[in-house]
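Everything below concerns the one structure shown next.
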4 protein chains.
Amino acid sequence: MIVVMKPGASQRQIDHIIERVEQLGLRSHVIVGTERTVVAALGEKRDGAKQALETGEGVEKVVPILAPYKMASTEVKQERTQVTVRGLKVGDNHVGIIAGPCSVESREQILEIAQFVKDAGATGLRGGAFKPRTSPYSFQGMKEKGLELLAEARAATGLAIVTEVMAPEHVPMVAAYADVLQVGARNMQNYPLLEAVGESGLPILLKRGPAATIDEFLLAAEYVLKTGNSQVMLCERGIRTFEDHTRFTLPLATVPYLHQTTHLPVVVDPSHGTGKASLVATMARAAIAAGADGLIVEVHPDPEKALSDGFQALTPHAFREMMQECRKVAAALGLEI
Amino acid sequence: MIVVMKPGASQRQIDHIIERVEQLGLRSHVIVGTERTVVAALGEKRDGAKQALETGEGVEKVVPILAPYKMASTEVKQERTQVTVRGLKVGDNHVGIIAGPCSVESREQILEIAQFVKDAGATGLRGGAFKPRTSPYSFQGMKEKGLELLAEARAATGLAIVTEVMAPEHVPMVAAYADVLQVGARNMQNYPLLEAVGESGLPILLKRGPAATIDEFLLAAEYVLKTGNSQVMLCERGIRTFEDHTRFTLPLATVPYLHQTTHLPVVVDPSHGTGKASLVATMARAAIAAGADGLIVEVHPDPEKALSDGFQALTPHAFREMMQECRKVAAALGLEI
Amino acid sequence: MIVVMKPGASQRQIDHIIERVEQLGLRSHVIVGTERTVVAALGEKRDGAKQALETGEGVEKVVPILAPYKMASTEVKQERTQVTVRGLKVGDNHVGIIAGPCSVESREQILEIAQFVKDAGATGLRGGAFKPRTSPYSFQGMKEKGLELLAEARAATGLAIVTEVMAPEHVPMVAAYADVLQVGARNMQNYPLLEAVGESGLPILLKRGPAATIDEFLLAAEYVLKTGNSQVMLCERGIRTFEDHTRFTLPLATVPYLHQTTHLPVVVDPSHGTGKASLVATMARAAIAAGADGLIVEVHPDPEKALSDGFQALTPHAFREMMQECRKVAAALGLEI
Amino acid sequence: MIVVMKPGASQRQIDHIIERVEQLGLRSHVIVGTERTVVAALGEKRDGAKQALETGEGVEKVVPILAPYKMASTEVKQERTQVTVRGLKVGDNHVGIIAGPCSVESREQILEIAQFVKDAGATGLRGGAFKPRTSPYSFQGMKEKGLELLAEARAATGLAIVTEVMAPEHVPMVAAYADVLQVGARNMQNYPLLEAVGESGLPILLKRGPAATIDEFLLAAEYVLKTGNSQVMLCERGIRTFEDHTRFTLPLATVPYLHQTTHLPVVVDPSHGTGKASLVATMARAAIAAGADGLIVEVHPDPEKALSDGFQALTPHAFREMMQECRKVAAALGLEI
């Protein structure tokens, strides 16, 4: 950590910082520059020290040197993590495709779409049973009945079930049916939930919050990893920016950046990431070109009648075409899909 | 709702939309423009119809006319809501001041600071017992012990206790000690939590998520209001933007805009809204000039030794000066503080 | 245009709006809804009317129906525009590659890099002679001497020269040397400059401003198109968001969205779009998968010694590898590169 | 400057950085930490060195210690700059009020409004003669005729004329009529224009670009200051964020932050900063509470008939009320207005 003193900081202020650094169990090292003095604080402590120091009198700013996360970091684990569950393989040169409706709406709907996405090449089935909805007046999901239907779809197709859990107290119930627990973007910093899903032992699909920095995203993953659960997939699903022609802005550079920073696999959600069915397939193949380890895509047999998010769902036909394009790009880059 | 068809939409597509509008229980009204046709859908339905229509073939976009929230709206209730609990009055020309440390750290700390902020003019005491922290390696709060200390501080000072609750299962415990339940910015769209705090019957301080639009913020309030709990304070605490000289960007125009849109009182948090102690007092008085119904401010007896967020905490001395300035501005504008 | 009246707007206010609509040369059409009245204003007028109406008493908002740009729109011209100059072809299934240093620094540098990028497959040479720099203390470019060196590099290689012009009064000089005039992101709304480059008759590479919406971007293009110059390439180079792990956020969904909206070709700049050399090649191939009609990439023989933006420049070796990957993706999608 | 090496950087890489630091005329100082090595580069060089170092092999990042601007900095000049021209005083405890229409539209309009704003307490008159408009189909201003009318309004009232200049070649003409040259937000980084207005010797009102960081804003001011012109007013007029209920987001913390960082006065534009007439007066008084040294406000005799931006203009009556409120706040804080 580097403590930058204000120009004109007094010797007393500098001495105070040195003393504080040492009280925190770090070694201090003073550098006297042309206009300012800088105190380096050396050691492994990652938390608390920064803020303890930046409130010191005469301090202009404190610059951390170490990344704030540990277990997610490539500094700690070099080999890439692959998440495998049933036929779904995500990471380490395998691109896993998770597809399905926004919400489970009926037995017919989910069985039909499950068979369809399987035939088109998906190995995971998405479908919400518990739906976090911006408006309390919107459809909130079929709840446990929806989970039962997902399990039935799995029995029929062998697809791995990926579904969202919204509260710690629902984890045991959802975990009884699902193969992968999804933590939604709105809950990325719901820490009791992160701990509860971590302790389930199931693989986790963690969605990036729309205003989360990459550090915050990895620290959220760290909450899960700390429970001893290392099966975490990071999901980029778009950030909130000033752009209004898409629902969110999908920053694909997240993919190569995370590949340099963490060993965890990165899944891209082009459905939420654009919020427009007409852009989904193109962004899906761009995500694969960017190195995504997986895709999660909304598909609905009749988007116009979907109970949620129909505007961003692909028709089965459009999904099949998307898969063909994605396979071409993956093949060109030597990736399995 | 206005359905705008694409230029060149066919009569069959237009007829289909008219049929869909009527299936949804709305009346349709067609307007043939120079380049496009527009179908107005008339009626009270606020949810689901928009998305059911915007996936229709030949549709370019659907423009909602009604606000998506109801109970929070000034269209439904004209008179301004005032939240009152112990000596704390927020709204309707009363500016309520809530102050205290980021976290409860010890008996001495909280008792000292409570007495201090009371003497300086606060009527509410903030202090976190359950702390949502970005990093799992950070101090997570004293939990129930912290709540006990808050209650002791209340007994000593009469201040209303405002403290955060992070999970639905903690609501009964926190509600047993607190006067106001705070829902943090990270949990603004944690819907099970919103319902649980609503059902507690206590007044709620709902913080705006850093990427939430005003509509999303009011819809989150609507989740609480729907439980029958009308004691909701909206808290602007800064949004995430590209600016990096402050921790968040504090958009004070939220205050007059919300005053035009909702009857709920609006509290401003200049501590999180700037993330810099040196900017807090100035933004506190600017918030009052913008018409804020309350302030929530971090104060710590020794910010340098705070276990969380010391960099944005005022010293007791700085808080007293802030109060003096705020009183001047309030008096100039005929507000009680 | 749809004028939405406030709930409770008086008949007098509604009549006033109807009168205003007709004064503006538009036809009015009134729709009485459940809670509000809406006045549709029909006709072709795109400008001024919106704002003339939205200030009317009792008006809540005015919703435009037509896009604000015309000549850039696919509604006006369906067939895709291809820009061709020397060997550079951009658009309509041709991916044009423009590469070179941020700044022209010396005769050796530009001749060496020109030959190199040509050998690797580029058909355009970028290189700044006039450099807009955030700091007045930074290198500002070699000016006319730089243009001469670019012309010499063209003579040696046949590459089309793409270079920035910063002020209307420089247009004749830069146009005397360049094949394509670049308008930088900082100047996207420098209207005298847009008109001056349009009148040069040369093809234009127009960079998106980092805070510009797509409508603003297309309206900037419209300033050029209005001069009668239809050779406009739109360049996505990243937008400013809260993300701090990249210099800008590169929103690749711009590419398919623009392809639906305008007939103009879309070039992507992964160098500025990420600001990190280690992310450029991956985002270049993702851009091609997203359908980009061209790429503009910074390459420097020795990035460490570059006088500007070395941190985002590829080495010649890395550029050659990038081209190989891009060719694979383009081939997979049936595009020429 | 602090060069942070990657974990595991080799001694050769470290030695190379030390060598580069010294070639750049800086002194190096090596600190070996627990996980990483850090090289401090000491000396006054502000530009170029950062980027020269951050491309070095084995370098993770380079952290600048000095602010990139000099002449704007409080480190260089402690006493606050006051800009004075005719009766307009901005800075150093004087709040200068500049008001008037978005565009000069006619002799009657500008003379009427000038007299009006003067009577209400303004000492500066704004009014655009050259109008940068997003759409080429919008009214572009009366040009020189507009300048003549502004001069006539000055003759009648004594108000200082503040008007925008859009291109270097217009500077002499505009400077012949105006008292203050305004550089608009779209031109904040139009460097030839910044130099040209600087050389005019007139006071400059420099608007912040909607995506500009504070460092970029101050570096733009530095372009003007470098010409020897020290009469620069910084104008906060709102930034572009995801918020859609206001036209821009007005971040008032800019005011106290700039007061800590620079000696230049800070003017706030609540008209563009909100884009809604109904929010302007409240944000004007909040700006004064935040310490603004001036306000620039749009006022139009009949906003509904304004040729530009009527939706954000105050009526004369509303402006007079705004002034009354602003005076109360200023008086409470001991400021002259």
Checklist entry - Which condition does residue B:14 not pass, out of (1) touching a Ser or Thr at 6+ places or on another chain (Cβ under 7 Å); (2) of a type in the set (Val, Ile, Thr); (3) over 25 Å from residue A:313 (Cβ atoms), if it passes all the others? => result (3)
Checklist outcome for this item: Within the range A:202-243, the residues that are within 11 Å of chain B (Cβ to nearest Cβ) and among the acidic types (Asp, Glu) are A:215, A:216, A:222
Next on the checklist: Restricting to the range C:302-320, give me the number of residues that are open to solvent by 30 Å² or more (accessible area, probe 1.4 Å) and either within 13 Å of chain A (Cβ to nearest Cβ) or touching an Asp or Glu at 6+ places or on another chain (Cβ under 6 Å) (or both).
Outcome noted: 2
Checklist entry - Just a yes or no: is a residue in the range B:37-56 surrounded by 15 or more Cβ atoms within 10 Å (Cβ to Cβ) and on the phi > 0 side of the Ramachandran plot? => result yes
Next on the checklist: Being within 12 Å of chain C (Cβ to nearest Cβ) and in contact with a strand residue (DSSP E or B) (Cβ under 8 Å, 6 or more places away or on another chain) is the filter here; which residues of the range D:35-50 pass it?
Outcome noted: D:49, D:50
Next on the checklist: Return the residues of the range C:212-231 that are surrounded by fewer than 24 Cβ atoms within 10 Å (Cβ to Cβ) and either without any contact (Cβ under 8 Å) to a residue 60 or more places away in the chain or assigned to a strand (DSSP E or B) (or both); say none if nothing qualifies.
Outcome noted: C:213, C:214, C:216, C:227, C:228, C:229
Checklist outcome for this item: Exception for residue A:137 within (1) under 30 Å from residue B:213 (Cβ atoms); (2) under 25 Å from the mean Cα position of the chain (by Cα) falls at (2)
Checklist entry - In the range A:159-196, which residues are open to solvent by 10 Å² or more (accessible area, probe 1.4 Å), small (Gly, Ala, Ser) and within 14 Å of chain B (Cβ to nearest Cβ)? => result A:185, A:196
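The rows are residues; the columns are (1) of a type in the set (Val, Ile, Thr); (2) touching a residue at least 60 places away in the same chain (Cβ under 8 Å).
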| residue | (1), (2) |
| --- | --- |
| B:6 | no, no |
| B:9 | no, no |
| B:17 | yes, no |
| B:25 | no, no |
| B:67 | no, yes |
| B:75 | no, no |
| B:78 | no, yes |
| B:81 | yes, yes |
Next on the checklist: If I go through the range B:136-158 residue by residue, how many of them are open to solvent by 20 Å² or more (accessible area, probe 1.4 Å) and within 14 Å of another protein chain (Cβ to nearest Cβ)?
Outcome noted: 4
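May I ask you to list the residues in the range C:30-76 that are of a type in the set (S, T, N, Q), at pLDDT below 85 and in contact with a helix residue (DSSP H, G or I) (Cβ under 9 Å, 6 or more places away or on another chain)? Working first, answer last.
Step one: list which residues in the range C:30-76 are of a type in the set (S, T, N, Q), which gives C:34, C:37, C:51, C:55, C:73-74.
Those left that are additionally at pLDDT below 85: C:34, C:51, C:55.
Scanning the range C:30-76 gives C:51, C:55.
Give the range C:264-274 a look and list any residue that's farther than 18 Å from residue A:236 by Cβ and either facing another protein chain (nearest Cβ under 7 Å) or open to solvent by 10 Å² or more (accessible area, probe 1.4 Å) (or both), or say none. Reasoning before the result, please.
Quick first cut of the range C:264-274, residues farther than 18 Å from residue A:236 by Cβ only: C:264-269, C:271-272.
Within the range C:264-274, just C:272 meets the criteria.
With A:281, A:331 as the choices, which residue is facing chain C (nearest Cβ under 9 Å) and touching an Asp or Glu at 6+ places or on another chain (Cβ under 8 Å)? Outline the logic, then answer.
Details: A:331 fails: touching an Asp or Glu at 6+ places or on another chain (Cβ under 8 Å).
So the residue among A:281, A:331 that is facing chain C (nearest Cβ under 9 Å) and touching an Asp or Glu at 6+ places or on another chain (Cβ under 8 Å) is A:281.
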Next on the checklist: If a residue must be without any contact (Cβ under 8 Å) to a residue 60 or more places away in the chain and either facing chain D (nearest Cβ under 7 Å) or in contact with a Gly (Cβ under 8 Å, 6 or more places away or on another chain) (or both), how many such residues does the range B:284-301 contain?
Outcome noted: 5
Next on the checklist: Please determine whether any residue of the range B:38-53 is without any contact (Cβ under 8 Å) to a residue 40 or more places away in the chain, closer than 21 Å to residue C:3 by Cα and among the β-branched types (Val, Ile, Thr).
Outcome noted: yes
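Given D:164, D:105, D:152, D:112, which one is among the acidic types (Asp, Glu) and more than 19 Å from residue D:313 (Cβ to Cβ)? Spell out how you get there, then give the answer.
Working: D:164 fails: more than 19 Å from residue D:313 (Cβ to Cβ); D:105 fails: more than 19 Å from residue D:313 (Cβ to Cβ); D:112 fails: more than 19 Å from residue D:313 (Cβ to Cβ).
Within the list D:164, D:105, D:152, D:112, the selection yields D:152.
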Checklist entry - Among the residues of the range D:280-324, how many are more than 29 Å from residue D:108 (Cβ to Cβ) and in a helix (DSSP H, G or I)? => result 7
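Matching residues to (1) within 14 Å of chain A (Cβ to nearest Cβ); (2) within 19 Å of the chain's Cα centre (by Cα); (3) crowded, with 17+ Cβ neighbours inside 10 Å:
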{"site": "B:27", "(1), (2), (3)": "no, no, no"}
{"site": "B:86", "(1), (2), (3)": "no, no, no"}
{"site": "B:92", "(1), (2), (3)": "no, yes, no"}
{"site": "B:118", "(1), (2), (3)": "no, no, yes"}
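Take residue B:21 and decide whether it is more than 10 Å from every other protein chain (Cβ to nearest Cβ) and touching a Ser or Thr at 6+ places or on another chain (Cβ under 9 Å). Give the derivation first.
Details: more than 10 Å from every other protein chain (Cβ to nearest Cβ): yes; touching a Ser or Thr at 6+ places or on another chain (Cβ under 9 Å): yes.
The answer is yes for residue B:21.
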Checklist entry - In the range C:99-109, is there at least one residue being within 20 Å of the chain's Cα centre (by Cα) and on the phi > 0 side of the Ramachandran plot? => result yes
Checklist entry - Is it true that residue D:133 is outside any strand (DSSP E or B) and within 8 Å of another protein chain (Cβ to nearest Cβ)? => result yes
Item to check | Which numbered condition residue D:80 misses (of (1) in contact with a His (Cβ under 8 Å, 6 or more places away or on another chain); (2) crowded, with 22+ Cβ neighbours inside 10 Å) | outcome: (2)
Item to check | Identity of the residue in the range D:1-18, at pLDDT 90 or above and within 40 Å of the chain's Cα centre (by Cα), that ends up farthest from residue A:74 (Cα to Cα) | outcome: D:18
Checklist entry - Applying the selection to the range C:250-263, what residues are more than 7 Å from every other protein chain (Cβ to nearest Cβ) and over 24 Å from residue C:319 (Cβ atoms)? => result C:258, C:259, C:261, C:262, C:263
Checklist entry - Do you know which residues across the range A:250-279 are within 15 Å of the chain's Cα centre (by Cα) and not in a helix (DSSP H, G or I)? => result A:250, A:251, A:252, A:253, A:262, A:263, A:264, A:265, A:266, A:267, A:268, A:269
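The values are calculated or read from the model by the stated rules, or taken from the named source; none is laboratory data. Note that the structure is predicted; figures quoted are calculated from it, not measured. Backbone-built Cβ (ideal geometry, glycine too); neighbour counts: all protein chains shown. Keep in mind that these areas ignore ligands, DNA and RNA; they rest on the heavy atoms of the full protein, side chains included. Shrake-Rupley method; radii C 1.70, N 1.55, O 1.52, S 1.80 Å.
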